[in-house]
Amino acid sequence: MAEEKQIVLTGQQLMNAYRQEESKLQALQQRMQQLNGLLMEANIAEDAVNEIKKAAKNEKIIVDLGAGTYVEAALDGNNGFKTGLAGTILQNSDSKGALEYLKKQKDMLQGEISGIAKEHEKTIASLNEIASWLQAGENQARKELAEKHRHGD
């Protein structure tokens with residue numbers, strides 16, 4: 001039979017552990033927001049590729065350059081795309097290749113989001129557990145203080 005060991009932590013140690021878990025939770029939430037933003041960007045790109053596939057050559061489109069700036073452009077064709085290999089290295093791709101590239105991106109992001117969601121749940125469980133230990137310690141301290149006052153110490 002395994003021997004149970006008792007670990008004694010001070011209130012300060014528990015508070016430090018709680019703060020660490022809170023910090024971890026905040027970092028996980030920020031990363032989740034980033035990943036969801038990238039996923040939304042991939043979905044928008046996928047929609048754009050599908051719309052461009054339907055467009056005629058020389059059809060005029062509006063291109064978002066960012067920061068509220070747009071430019072009107074004419075399509076040279078509807079099947080020439082560039083997809084990223086690494087960093088700023090691009091490769092030519094047709095619409096099918098561009099859509100496959102985006103699907104891989106989305107699958108990778110979904111996997112990372114899923115992993116972070118699991119870590120998020122574990123961190124919340126740890127926070128709840130530490131909070132219950134803190135509450136139990138506070139209750140015990142109050143009980144001991146009340147006992148001390150009752151006996152006139």
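Odds and ends about this structure:
- Residue check for K118: of a type in the set (D, E, K, R) and loosely packed, with under 15 Cβ neighbours inside 10 Å: yes
- Test: G111 is surrounded by fewer than 16 Cβ atoms within 10 Å (Cβ to Cβ) and without any contact (Cβ under 8 Å) to a residue 12 or more places away in the chain: yes
- Residue within the stretch 10-18 that is part of a loop (DSSP other than H, G, I, E, B) and more than 30 Å from D94 (Cα to Cα) present: yes
- Remark: pairs (first residue in the stretch 45-67, farther than 13 Å from G77 by Cβ and without any contact (Cβ under 8 Å) to a residue 12 or more places away in the chain; second residue among the small types (G, A, S) and surrounded by fewer than 12 Cβ atoms within 10 Å (Cβ to Cβ); Cβ separation under 8 Å; 6+ apart in sequence or on different chains) = I62/A73; V63/A73.
- Pairs where the first residue, in the stretch 116-138, is in contact (Cβ under 8 Å) with a residue 60 or more places away in the chain and the second is small (G, A, S), C-beta under 6 Å, 6+ apart: I130/A17; G137/G11
- In the stretch 6-61, residue nearest to the chain's Cα centre (by Cα) [restricted to those that are within 30 Å of K122 (Cα to Cα) and of a type in the set (D, E, K, R)]: R31
- When T83, T69 are checked against the criterion of being of a type in the set (V, I, T), over 30 Å from I130 (Cα atoms) and exposed (fewer than 15 other Cβ atoms within 10 Å of the Cβ), a single residue qualifies: T69.
- Check on Q29, touching a His at 6+ places or on another chain (Cβ under 8 Å) and at negative phi: yes
- Residue list for the stretch 65-112, filter: in a loop (DSSP other than H, G, I, E, B), modelled with pLDDT of 90 or more and more than 29 Å from M32 (Cβ to Cβ): D94
The values are calculated or read from the model by the stated rules, or taken from the named source; none is laboratory data. Since the model is a prediction, treat every value here as computed from it, not as a measurement. Note that we place each Cβ from the backbone using ideal geometry, even for glycine, and neighbour counts take in every protein chain shown.
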